[in-house]
Amino acid sequence: MAHRRFAEPRLVVATHNPGKLVEIADLLRPFAVDIVGAGALGLAEPEETGTTFEANAELKAHAAARAAGLPALADDSGLAVNGLGGAPGVVSARWAGPNKDFGVAMARVQRELADNADRRAHFVAVLALAWPDGHCETFRGEVHGRVIWPPRGTKGFGYDPMFVAGGHDITFGEMEPATKHEISHRAVAFRKLVAACFG
Ligand code: ITT
């Protein structure tokens, strides 16, 4: 199926998560596109009613594109832990509670895993690029690894301090952003988006 090319000068990054906004802005830097965050535009944060990363990414992208009258790029992502049957998954943000405290969310992962020896986990990111006319392109990326305890590192955001990607010794929280951008779930999805829509 043919993908729609992105040829507009301006793009809304439909996220209210400052960590994601920084990463998406970094990833978009090589492309001549003027970006504006959903928060800066005063756009409301839609309720994430979907049960899949794809559904939530599309819902957020459509809401922002319609409200702003501009193409919008949304990211729905999360951490899936094998020993927890894939939790927290699509509700990864909710595990941090109303104060968005990821110390609390990481401690819950550790507590629920207890003495489970299976520490395998992966991050998922689904990027959805929607246009105001309702067209949407969706791309998924994953990075597989394991969760460790205690958390380490102050770079990145969210669950980064407890995630170690396969083939690495340091957590995403200890990794330089440029290195995370080479291997992360978001980077994998982004490369697919670029090949399909920016190529
Ligand atoms: P928006 O919906 O406004 O984009 P959000 O934080 O609510 O922001 P999600 O619903 O997609 O976003 O929640 C995904 C959560 O998964 C997010 O809050 C992070 O804590 C976590 N997460 C996603 N990508 C991550 C990454 O690269 N490193 C660490 N944690 C990540």
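The dipole here belongs to the stretch 73-199: it is taken about the Cα centre, uses +1 on the Cβ of Lys and Arg and -1 on the Cβ of Asp and Glu, and is about 140 debye.
Express the carbon and sulfur contribution to the solvent-accessible surface of the chain as a percent, rounded to the nearest whole number, probe 1.4 angstrom. Don't jump to the answer; show the numbers that get you there.
Details: 5080 of 9310 Å².
Carbon and sulfur together cover 55 percent of it.
Take every Cα pair under 8 Å whose residues are at least 6 apart in sequence, average their separation, divide by the length of the chain, and the relative contact order is 20 percent.
What the chain shows is 47 Å² of accessible area per residue, with the surface traced by a 1.4 Å probe over protein heavy atoms.
Hydrodynamic analysis of the stretch 22-99 uses the Kirkwood radius over alpha carbon pairs. Inserted into Stokes-Einstein at 37 °C and 0.692 mPa s, it gives a translational diffusion coefficient of 233 µm²/s. Computed from Cα positions, the angle between helix 53-68 and the longest principal axis of the chain comes to roughly 40 degrees.
Highest average first, the peptides 44-53, 65-74 ordered by how many other beta carbon atoms sit within 10 Å of their residues are 65-74, 44-53.
One equal scatterer on each Cα of the stretch 62-199, no solvent, Debye formula: the resulting log10 I(q)/I(0) at q = 0.21 Å⁻¹ is -1.22.
The values are calculated or read from the model by the stated rules, or taken from the named source; none is laboratory data. Please read these numbers as outputs of a predicted model, since none were measured by experiment. Cβ coordinates were reconstructed from backbone atoms using ideal geometry, including for glycine residues, and neighbour counts include every protein chain displayed. Heavy atoms of the whole protein, side chains included, go into the accessibility calculation; ligands, DNA and RNA do not. Shrake-Rupley method; radii C 1.70, N 1.55, O 1.52, S 1.80 Å.
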